[in-house]
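Step one of this worksheet: look at the structure below.
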């Protein structure tokens, strides 16, 4: 069982987004994406600390009158005790347009055990296509309007989903040469405690009607803070045995201080 791949999936593959033809976010909505944000998570399975994941938002140095890009970086690494048996060192980088809330280019460096693979996607939203490069093969495939990649989707949802019970989105994420439909819904508001202290959060369920990306059993849940930052402080996915849990351990509040 590749636990670290499941755990990075909880972070990287949480949410795929499609909400019709997407409009540019309002200033209030855009507050959730903070350049310089760096969130660190402990990943556990059956109360065993299995790995660490980090989500970062960096400026990519490309800014014009029409677009401002951020580089979204998510990494997942196994802890030393797990690495002895099955080393994992995954890294996903996505160039994300802060104005349109759409991904432009994504690279997935997958390192699991003896397996090494690099997957690359270039999105052409105006044409409704994506160019995928995998194992030396290049294909151009159709995508719906507003399609997101493995990590841009999480930031889109942080910006767009109202953190009120009953709010929902019907979503799409492109991965592994497929467009995958997902429903995201806010179930309830609850207070959680962690190393960050106490925080009011919205429990969001991600309903995935396929096995696909990782062998999950049931839905994924994410707990976002209800303030303007909408930080995911906890993520949980049931697997065949038990559940993978990712808990925020560093980065709350973000580097620029409380809002």
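Restricting the stretch 37-48 to residues that are surrounded by fewer than 18 Cβ atoms within 10 Å (Cβ to Cβ) and modelled with pLDDT under 90, which is farthest from residue 196 (Cα to Cα)?
Across the stretch 37-48, the extreme among qualifying residues is 46.
Filter the stretch 68-84 down to residues that are closer than 26 Å to residue 35 by Cα and either in contact with a helix residue (DSSP H, G or I) (Cβ under 7 Å, 6 or more places away or on another chain) or outside any strand (DSSP E or B) (or both), then give me how many there are.
3
What residue, of 187, 183, is at pLDDT below 85, touching a strand residue (DSSP E or B) at 6+ places or on another chain (Cβ under 6 Å) and either part of a strand (DSSP E or B) or surrounded by 19 or more Cβ atoms within 10 Å (Cβ to Cβ) (or both)?
183
Taking the stated definitions as given, is residue 88 at pLDDT below 90 and crowded, with 20+ Cβ neighbours inside 10 Å?
So residue 88 passes the test.
Of all the residues that make up the stretch 129-160, how many are out of contact with any strand residue (DSSP E or B) (no Cβ under 6 Å at 6 or more places or on another chain) and either closer than 20 Å to residue 90 by Cβ or in a loop (DSSP other than H, G, I, E, B) (or both)?
Total satisfying the criteria: 6.
Output yes when any residue across the stretch 123-134 is under 29 Å from residue 233 (Cβ atoms), without any contact (Cβ under 8 Å) to a residue 60 or more places away in the chain and surrounded by fewer than 14 Cβ atoms within 10 Å (Cβ to Cβ), and no when none is.
no
Among the residues of the stretch 161-180, write down those that are within 28 Å of residue 119 (Cα to Cα) and either in contact with a helix residue (DSSP H, G or I) (Cβ under 6 Å, 6 or more places away or on another chain) or part of a loop (DSSP other than H, G, I, E, B) (or both).
173, 176, 177 - these are the residues of the stretch 161-180 that are within 28 Å of residue 119 (Cα to Cα) and either in contact with a helix residue (DSSP H, G or I) (Cβ under 6 Å, 6 or more places away or on another chain) or part of a loop (DSSP other than H, G, I, E, B) (or both).
The values are calculated or read from the model by the stated rules, or taken from the named source; none is laboratory data. Computed from a predicted model, the values in this text were never measured in an experiment. Cβ atoms come from the backbone with ideal geometry, glycine included; neighbour counts cover every protein chain shown.
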